[in-house]
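Contents: one structure, followed by commentary.
The values are calculated or read from the model by the stated rules, or taken from the named source; none is laboratory data. From a predicted model like this one, the values you see are computed outputs, not experimental measurements. Counting neighbours? That spans all protein chains shown, and the Cβs are built from the backbone with ideal geometry, glycine included.
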Amino acid sequence: MSDAKTERRLAAQMPEGDVVGILLEQHARIRDLFADVKGAEGDHKQQAFDELRALLAVHETAEEMIVRPVARETAGKKEADARNHEEQEANKVLAALEKMDVASAEFDTRLAEFERAVVDHAEHEENEEFPAVHEGRTENQLRRMGTMLRAAEKIAPTHPHPLAAGSPAAQWSVGPFASLVDRTRDAIKAAMPS
């Protein structure tokens, strides 16, 4: 079982801008945010969850757009489809969590279940998908994918959209429009007095 420290160490061993290194750093940040949400209360808990939710939404969308088509070639269709399916299911749970009161016991229970599923998903990526992508592409291609991933993250939705999740084609067609709505909603929420 991996942990944030291990993910950061592995990411640091990769060339600058390598797509797998970027994703490993994000996996570590996701683990940190889960811990933060679980240990927080009140406004801080909501802020930590909002950051986690946004990172997961952006991360999964960018993976589906940039990494999954390559994984389909390098790790195989079955592997890519399994990861897409997991992301589709996670998106549904994330959408449900987003509607819940973070102070409720039900939220804490669902968050713990969700964390286990996200960690399991990340470990599948790290052990099965990422090595195949890394082996199947040159260092320059992996850096180019890293650049493309960062660009995709800038246009990715910041909230879960279960109808697009799990489908790279849907992410490319719906994602940028959903992102505009999400980022506008986020900006308005941030501007509102507490």
Pair list, Cβ under 7 Å, 6 or more apart: the range 102-116 residue more than 15 Å from Leu56 (Cα to Cα), other residue polar (S, T, N, Q) and assigned to a helix (DSSP H, G or I): Val102/Gln46
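So how many residues does the range 9-28 have that are surrounded by fewer than 16 Cβ atoms within 10 Å (Cβ to Cβ) and either touching a His at 6+ places or on another chain (Cβ under 9 Å) or of a type in the set (Lys, Arg) (or both)? Explain how you work it out, then say what you get.
Going residue by residue through the range 9-28, those that are surrounded by fewer than 16 Cβ atoms within 10 Å (Cβ to Cβ) are 9, 12-13, 15-16.
After this cut, where a residue has to be either touching a His at 6+ places or on another chain (Cβ under 9 Å) or of a type in the set (Lys, Arg) (or both) as well, the list is 9.
Matching residues across the range 9-28 total 1.
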Condition check for Glu7: touching a helix residue (DSSP H, G or I) at 6+ places or on another chain (Cβ under 6 Å) and closer than 17 Å to His134 by Cβ: yes
Are any residues in the range 117-155 exposed (fewer than 13 other Cβ atoms within 10 Å of the Cβ), over 28 Å from Asp50 (Cβ atoms) and either within 14 Å of the chain's Cα centre (by Cα) or touching a residue at least 60 places away in the same chain (Cβ under 8 Å) (or both), and if so, which ones? Glu135, Glu139
When the range 98-113 is checked residue by residue, the ones that are at pLDDT 95 or above, surrounded by 14 or more Cβ atoms within 10 Å (Cβ to Cβ) and either in contact with a His (Cβ under 8 Å, 6 or more places away or on another chain) or part of a helix (DSSP H, G or I) (or both) are Phe107, Asp108, Arg110, Leu111
